[in-house]
């Protein structure tokens, strides 16, 4: 089993993403965007990591979405192989139409707008720990294959444009009906309230991650590779009580990579 | 009254080059796209009774333009573009936080009490090869819809 971690010019999370995959016993390699795209077919799954592909020129993810590797990824996704897009990877998947994957380009990830008590209190880049509630059923999505519905995962985020918007007034209802909303921002008890700081970027219905109708493509704004080890958790997290302990101990983000591994095993 | 500031880089514009390369090398516009330029457009709505709009435009430019690397052209109300390219304006149709912040800073921090509103957009200048049989506006529309905008947050408008 081997996955490709796609590296575009400006990607900046590829090495830690590969470390996270390997810690979940998934072999992999960094795949530069300008390699022959057909070589992607040799891999069992794909991660598009975070960063600023092409310096976010034009729009976050817009230029990378036109690269030949994305066309090959579309073909590989149609065969059922898993793809996980993290942060900028999610933006690329949305710009390419692979997510939510119900037509063409069905949505956009716009600038963060933090709203509290009907007032805009902040806009733009934000970096913080957040809690995600897994809202899809177990086995619905390749990237959360092992995660139960309702499970909470503390995972950090860092982005300026993660506010899911759409001009299609029926899209969000369809995503809910089809069980395509995978993660929502919530508080530590699992409550999703619409105000900042729980809804950390103003995303419609607190949506933090979605999958395609088939469930093999996942996009999420938070960075699971940044909570892949227990030592990466913030000091106030109970899991970190008593010091760093075992440096290899897993953090909540590893569940994404373990899920991807299990999905590939089941699929094979 | 609306004061328009068209701002462009004096140094090479990497974003414009990237968009041009993507259109030519990735999207098949090599035979029709000769070149591509980019301008930022600030459209600042001010009180109609402003005494010296040209001076006001210069004062706005002092705040919004870095003349070490950028040039600008100011005009009142209407925008006039040269021949030879199709200007395509792209702006957000959702709330533009940067435009709102700019308006508030001009008005509340920098003392421009006459500012009523600020709009921010990008003007893409598409230099098209006109030897083909296709209408340049049709090509520009296609380019805008395929690359320059995401319709879920942006809109476009041909300015000429």
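How far apart, in nm, are the 7 Å Cα→Cβ label points at residue B:159 and residue B:67?
Taking the two extended label points, one gets 2.1 nm.
Return the single residue from A:41, A:186, A:87 with maximal mean-square fluctuation; model: Gaussian network over chain A, springs between Cα atoms under 10 Å.
A:41
Would you kindly calculate the translational diffusion coefficient of the range B:1-79, applying Stokes-Einstein with the Kirkwood radius from alpha carbon pairs, for 4 °C and a viscosity of 1.567 mPa s, and quote it in µm² s⁻¹ without decimals?
90 µm²/s
Would you work out if the range A:32-97 is rounded, prolate or oblate? Take a ≥ b ≥ c from the square roots of the eigenvalues of the alpha-carbon gyration tensor; rounded if a/c is under 1.5, else prolate when a/b is larger than b/c, oblate otherwise.
Prolate, because a/c is 1.5 or more and a/b exceeds b/c.
Where does chain B land on Rg(C-alpha)/(2.2 N^0.38 Å)?
The reported ratio for this selection is 1.12.
With both bridge residues required to lie in chain A, what share of the DSSP beta bridges run antiparallel, to the nearest 5%?
Restricted to chain A, the bridges split so that about 65 percent are antiparallel.
With axes computed from alpha carbons, what is the tilt in degrees of helix B:53-64 against the longest principal axis of chain B, rounded to the nearest 10 within 0 to 90?
70 degrees
Spin-label point model (7 Å from Cα, Cβ direction): what's the residue B:51 to residue A:152 distance in nm?
Once both label points are built, they end up 6.2 nm from each other.
Provide a whole-number value for the mean count of partner chain Cβ atoms within 10 Å of the Cβ atoms in peptide B:18-29.
3
Would you work out if chain A is rounded, prolate or oblate? Take a ≥ b ≥ c from the square roots of the eigenvalues of the alpha-carbon gyration tensor; rounded if a/c is under 1.5, else prolate when a/b is larger than b/c, oblate otherwise.
The shape class here is rounded.
What number, in percent, do you get for the relative contact order of the range B:68-160 if the mean sequence gap of Cα pairs under 8 Å and at least 6 apart is divided by its residue count?
44 percent
Apply the a/c threshold of 1.5 to the C-alpha gyration tensor of the range A:110-268 and tell me whether it is rounded, prolate or oblate.
oblate
Using Cα-Cα distances under 8 Å and only pairs 6 or more residues apart, what relative contact order does the range B:1-58 have, in percent?
It rounds to 58 percent for the range B:1-58.
What average number of partner chain Cβ atoms lie no more than 10 Å from the Cβ of the residues making up A:139-145?
0
At 0.36 nm per residue, minus the direct Cα-Cα distance, what do residue A:262 and residue A:235 gain on full extension? Give it in nm, one decimal, please.
Net length gain for the segment: 6.7 nm.
Using the basic label-point model (7 angstrom from Cα toward the beta carbon), what is the residue B:95 to residue B:2 distance in nanometres?
So the two model labels end up 2.2 nm from each other.
To the nearest 0.05, how large is the calculated FRET efficiency for residue B:138 and residue B:76 if R₀ is 41 Å and r is the Cβ-Cβ distance?
It comes to 0.85.
Before anything else, pin down the relative contact order of the range B:7-144: Cα pairs under 8 Å, at least 6 apart, normalised by residue count, whole percent.
Relative contact order, the range B:7-144: 37 percent.
How shielded is A:122-129 by partner chains, expressed as the average number of their Cβ atoms within 10 Å of its Cβ atoms?
Neighbouring Cβ atoms belonging to other protein chains average 1 per residue here.
Any read-out appearing in this document is the output of simple, stated calculations on the displayed coordinates, not a laboratory observation. Because the structure is predicted, anything quoted here is derived from the model rather than measured. Positions of Cβ are backbone-derived with ideal geometry, glycine not excepted, and every protein chain shown enters the neighbour counts.
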